[in-house]
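Asker: Attaching a single structure in C-alpha cells format; questions to follow.
The values are calculated or read from the model by the stated rules, or taken from the named source; none is laboratory data. Worth saying up front: this structure is predicted, and the values here are computed from it rather than measured. Heads up, the Cβs are rebuilt from the backbone with ideal geometry, glycines too, and the neighbour counts pull from every protein chain shown. Please note that ligands, DNA and RNA were not included when accessible areas were found on the heavy atoms of the full protein model with its side chains. Shrake-Rupley method; radii C 1.70, N 1.55, O 1.52, S 1.80 Å.
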Amino acid sequence: MAGRTQFGLTAVDTVPLHEKVYLELVRALMSGQFTPGQKLTSRKLAKELGTSDMPVRSAFMRLQALRALSPMPNGSVEVPAISADRFSQLTAVRTILEGSATELATKRINGNNLRTIRRHSTELTLAARTDDIGDYLRKNYAFKFSIYRHCGNEQMIFLIETVWMQVGPFLRNLAMGFEDDLSSILDIDYHEEVVTAIEAQDGERARAAMVRDIEEGAAHILRQARFPDARSWD
C-alpha cells in the first residue's frame, strides 16, 4: 500500500487482480511450491486464491508462453518435468546471471538492505533445521532475490525470474539424500559466505560464493534425482 495522503486517507491498491494472481503463481513456481509433473486446474487454484477462474486462466497463458507451464488436452496445465541435460543448461545460465547480479548488487547494497539480507540468511539457516523442504525453498528464494533485486538491471532480474520459473519446482529434489536430517543441506549451501562477502563489499567473492552455492546444489540434484528421458521442449 502507498503512504498516507494529504487528507489522511490510505491510497487504494490499484494492481489489477489478474496481475496479482500471476505474481502469486510466479512466486509459487520459483520457490518450489509446485512439483514437476503436477497437474494444475484453474478451478482449484481459483478456489485457493479466492478468485474466479478468469485471472487464473490468464496467468496460465502467460506462464505457458514462458515455458513455465505446459498445456494439457483437457484445458488444465502441468508443471513440466525437465531432462538432466536441460537442468544442467539452466544451471549454467543461472551461474552467469545470478553471479553477475550478486556482484552488481554488492556495490549497491546499503545498511538497510544489508540488514534485510542478514535476516533472510538467518531465516534460511533456521529453515534448514526444521526438516521442512517447502519452508527452506521459500526462504532460499527470499534470500537470493533480496540480493538480486539490488543489481540495478531490471532486464537481468526478468531473465533470472524466467529461469527460476522453470527450475524452481525441481529444486524440491534438494531434499533427496537428506531425508533424515535436512540440516545437512547446509553442507552444500553457501548463503552465509555470500553475506560475509557482501558485508566486506567484495563483489567478486560474493559472486564466487553464489556460483558455488548454485553449482553444488545442482550437482547434488543431478546425483540424487531421477530425470525423465531427454526430449524436445520446443
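Asker: Do we find that residue 101 is open to solvent by 30 Å² or more (accessible area, probe 1.4 Å) and under 25 Å from residue 172 (Cα atoms) in this structure?
Answerer: Numbers: open to solvent by 30 Å² or more (accessible area, probe 1.4 Å): no; under 25 Å from residue 172 (Cα atoms): yes.
So residue 101 does not fit the description; no.
Asker: Still on this structure, please answer the following. Search segment 89-109 for residues that are aliphatic (A, V, I, L, M) and pair each with any residue that is open to solvent by 20 Å² or more (accessible area, probe 1.4 Å) when their beta-carbon atoms are under 7 Å apart and the residues are at least 6 apart or on different chains.
Answerer: Qualifying pairs under 7 Å: 90/166; 97/156; 97/159; 101/156; 104/152; 104/153; 105/150; 109/150.
Residue by residue, here is whether (1) open to solvent by less than 70 Å² (accessible area, probe 1.4 Å); (2) farther than 21 Å from residue 90 by Cβ; (3) in contact (Cβ under 8 Å) with a residue 12 or more places away in the chain; (4) out of contact with any strand residue (DSSP E or B) (no Cβ under 9 Å at 6 or more places or on another chain) holds:
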{"site": "14", "(1), (2), (3), (4)": "no, yes, no, yes"}
{"site": "19", "(1), (2), (3), (4)": "yes, yes, no, yes"}
{"site": "25", "(1), (2), (3), (4)": "yes, no, yes, no"}
{"site": "31", "(1), (2), (3), (4)": "yes, no, yes, yes"}
{"site": "38", "(1), (2), (3), (4)": "yes, no, yes, no"}
{"site": "45", "(1), (2), (3), (4)": "yes, yes, yes, yes"}
{"site": "49", "(1), (2), (3), (4)": "yes, yes, yes, yes"}
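Asker: In segment 197-226, which residues are surrounded by fewer than 17 Cβ atoms within 10 Å (Cβ to Cβ), within 14 Å of residue 109 (Cβ to Cβ) and touching a helix residue (DSSP H, G or I) at 6+ places or on another chain (Cβ under 8 Å)?
Answerer: The answer is 199, 201, 202.
Asker: Out of segment 178-190, which residues are over 13 Å from residue 127 (Cα atoms) and buried (at least 16 other Cβ atoms within 10 Å of the Cβ)? Give the steps one after another, and end with the answer.
Answerer: Within segment 178-190, the subset over 13 Å from residue 127 (Cα atoms) is 178-180, 187-188, 190.
Correct list: 178, 188, 190.
Asker: Looking at segment 70-88 only, could you name the residues that are aliphatic (A, V, I, L, M) and either open to solvent by less than 50 Å² (accessible area, probe 1.4 Å) or in contact (Cβ under 8 Å) with a residue 40 or more places away in the chain (or both)? Walk me through it before giving the result.
Answerer: Filtering segment 70-88 down to residues aliphatic (A, V, I, L, M) leaves 72, 77, 79, 81-82, 84.
Within segment 70-88, 77, 79, 81, 82, 84 meet the criteria.
Asker: I would also like to ask the following. Can you tell me which residue among 183, 146 is among the small types (Gly, Ala, Ser) and touching a Lys or Arg at 6+ places or on another chain (Cβ under 6 Å)? Talk me through it step by step, then tell me what you get.
Answerer: Values: 146 fails: touching a Lys or Arg at 6+ places or on another chain (Cβ under 6 Å).
Going through 183, 146 in turn, the sole match is 183.
Asker: Here is a further query. Taking helices (runs of 4 or more DSSP H) that do not extend beyond segment 89-172, which have at least 1 residues that are in contact with a Phe, Trp or Tyr (Cβ under 7 Å, 6 or more places away or on another chain)? Show your work before the answer.
Answerer: On the way: elements: 111-128, 133-148, 154-167.
Helices (runs of 4 or more DSSP H) meeting the threshold: 111-128, 154-167.
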